[in-house]
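Reading through the structure tokens given below for one structure.
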Amino acid sequence: MSFSADFLQESRAVIDGLDPAVLEKMADILASIRERGGRLFVLGVGGSAASASHAVNDFRKICGLEAYAPTDNVSELTARTNDEGWETVFASYLKGSRLDKKDGLLVLSVGGGDLERNVSPNLVKALELARRIGSSILGIVGRDGGFTAASADACVIIPTVNPAHVTPHTEAFHGLVWHLLVSHPQLKTGKTMWESLK
């Protein structure tokens, strides 16, 4: 088989390995956040930061859920990084946003954060804050899920079907999972353009 055929076969295996029960639980929690007037903060680093921005748009526009991505404000992100350090950049943003127990965090990450290996410590610090406050925690992550999976109320772990492709599959399936969620009848309140055209 060609590389393209192999990669597509791996992608099919990823879909087959996703747990629908976890996806339903995530939809329940997101609906609860909206019902109690909470906000959703979507956190991601690198390529996942771009995905966080896209996801925020969809949760706001399609689901009527107040949502924010700290990485969308480059000025604040870089000021906090410069003045306070990268490790606390998300936790500081959440404190400034007065994160409380009505709110939720959605982490998009390949590894989910790991303090021992100094990978995405900013995600870990944000999750520690959310746990102390009692905010809901959700994740879409790869590998073993790292600190996100250990902290979350519900977490989709994108199955590793080929260790050489953990990052591309995880980042690709971030999009599939959040698009499933914003399309879920429990969450979707607005029309999407192409589906609304006759």
#### Entry: Condition check for residue 75: over 18 Å from the mean Cα position of the chain (by Cα), among the small types (Gly, Ala, Ser) and either modelled with pLDDT of 95 or more or under 28 Å from residue 27 (Cβ atoms) (or both)
yes
## Note on the structure
Within the stretch 24-38, residues of a type outside the set (Ser, Thr, Tyr) and over 14 Å from the mean Cα position of the chain (by Cα) come out as 24, 25, 28, 31, 33, 34, 35, 36, 37, 38
### Query
Which of (1) assigned to a helix (DSSP H, G or I); (2) touching a residue at least 60 places away in the same chain (Cβ under 8 Å); (3) closer than 22 Å to residue 189 by Cα; (4) touching a helix residue (DSSP H, G or I) at 6+ places or on another chain (Cβ under 8 Å) does residue 53 not meet, given it meets every other one?
(2)
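Confirm whether residue 32 is surrounded by fewer than 16 Cβ atoms within 10 Å (Cβ to Cβ), part of a helix (DSSP H, G or I) and free of Cβ contacts under 8 Å to residues at least 24 places away in the same chain.
On the way: surrounded by fewer than 16 Cβ atoms within 10 Å (Cβ to Cβ): yes; part of a helix (DSSP H, G or I): yes; free of Cβ contacts under 8 Å to residues at least 24 places away in the same chain: no.
Spelling it out, it is not the case that residue 32 is surrounded by fewer than 16 Cβ atoms within 10 Å (Cβ to Cβ), part of a helix (DSSP H, G or I) and free of Cβ contacts under 8 Å to residues at least 24 places away in the same chain.
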### Task
Taking residue 3 as meeting all but one of (1) farther than 22 Å from residue 138 by Cα; (2) in contact with a helix residue (DSSP H, G or I) (Cβ under 8 Å, 6 or more places away or on another chain), write down the number of the exception.
(2)
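Are any of the residues in the stretch 169-181 on the phi < 0 side of the Ramachandran plot, touching a Cys at 6+ places or on another chain (Cβ under 9 Å) and not in a helix (DSSP H, G or I)?
We begin by selecting, within the stretch 169-181, every residue on the phi < 0 side of the Ramachandran plot; these are 169-181.
Filter once more, so that each one left must be touching a Cys at 6+ places or on another chain (Cβ under 9 Å): 181.
Still in the list and also not in a helix (DSSP H, G or I): none.
The answer is no; no qualifying residue exists.
Against the condition among the aliphatic types (A, V, I, L, M), more than 21 Å from residue 60 (Cβ to Cβ), out of contact with any strand residue (DSSP E or B) (no Cβ under 9 Å at 6 or more places or on another chain) and in a helix (DSSP H, G or I), how does residue 164 come out, does it pass? Steps first, please.
Details: among the aliphatic types (A, V, I, L, M): yes; more than 21 Å from residue 60 (Cβ to Cβ): yes; out of contact with any strand residue (DSSP E or B) (no Cβ under 9 Å at 6 or more places or on another chain): yes; in a helix (DSSP H, G or I): yes.
Here the answer is yes, as residue 164 does meet what is asked.
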### Task
Might you let me know whether the stretch 85-101 holds any residue that is more than 12 Å from the chain's Cα centre (by Cα), at pLDDT 95 or above, closer than 26 Å to residue 186 by Cα and surrounded by fewer than 16 Cβ atoms within 10 Å (Cβ to Cβ)?
yes
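I'd like to verify a number: residues in the stretch 123-142 that are in contact with a strand residue (DSSP E or B) (Cβ under 8 Å, 6 or more places away or on another chain), touching a residue at least 24 places away in the same chain (Cβ under 8 Å) and of a type outside the set (Gly, Ala, Ser), how many?
Taking the stretch 123-142 and keeping what is in contact with a strand residue (DSSP E or B) (Cβ under 8 Å, 6 or more places away or on another chain), we get 123-124, 126-127, 130-131, 135-142.
Filter once more, so that each one left must be touching a residue at least 24 places away in the same chain (Cβ under 8 Å): 123, 126-127, 130, 135-142.
Still in the list and also of a type outside the set (Gly, Ala, Ser): 123, 127, 137-138, 140-141.
Residues that pass the stated criteria total 6.
Looking only at the stretch 16-27, decide whether some residue is of a type in the set (A, V, I, L, M, F, W, C), part of a helix (DSSP H, G or I) and over 20 Å from residue 139 (Cβ atoms).
Of all residues in the stretch 16-27, those of a type in the set (A, V, I, L, M, F, W, C) come to 18, 21-23, 26-27.
The next check asks that each one be part of a helix (DSSP H, G or I); those that pass are 21-23, 26-27.
Imposing the further condition that a residue be over 20 Å from residue 139 (Cβ atoms) reduces the set to none.
No, because not a single residue in the stretch 16-27 is of a type in the set (A, V, I, L, M, F, W, C), part of a helix (DSSP H, G or I) and over 20 Å from residue 139 (Cβ atoms).
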### Query
Can you pull out the residues in the stretch 107-136 that are of a type in the set (A, V, I, L, M), in contact with a Pro (Cβ under 9 Å, 6 or more places away or on another chain) and not in a loop (DSSP other than H, G, I, E, B)?
126
### Task
May I ask you to verify whether residue 146 is farther than 18 Å from residue 30 by Cα and surrounded by fewer than 22 Cβ atoms within 10 Å (Cβ to Cβ)?
no
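The values are calculated or read from the model by the stated rules, or taken from the named source; none is laboratory data. Keep in mind that this is a model prediction, so the values were computed, not measured. Don't worry about glycine lacking a Cβ; one is built from the backbone with ideal geometry, like all the others, and counts go over all protein chains shown.
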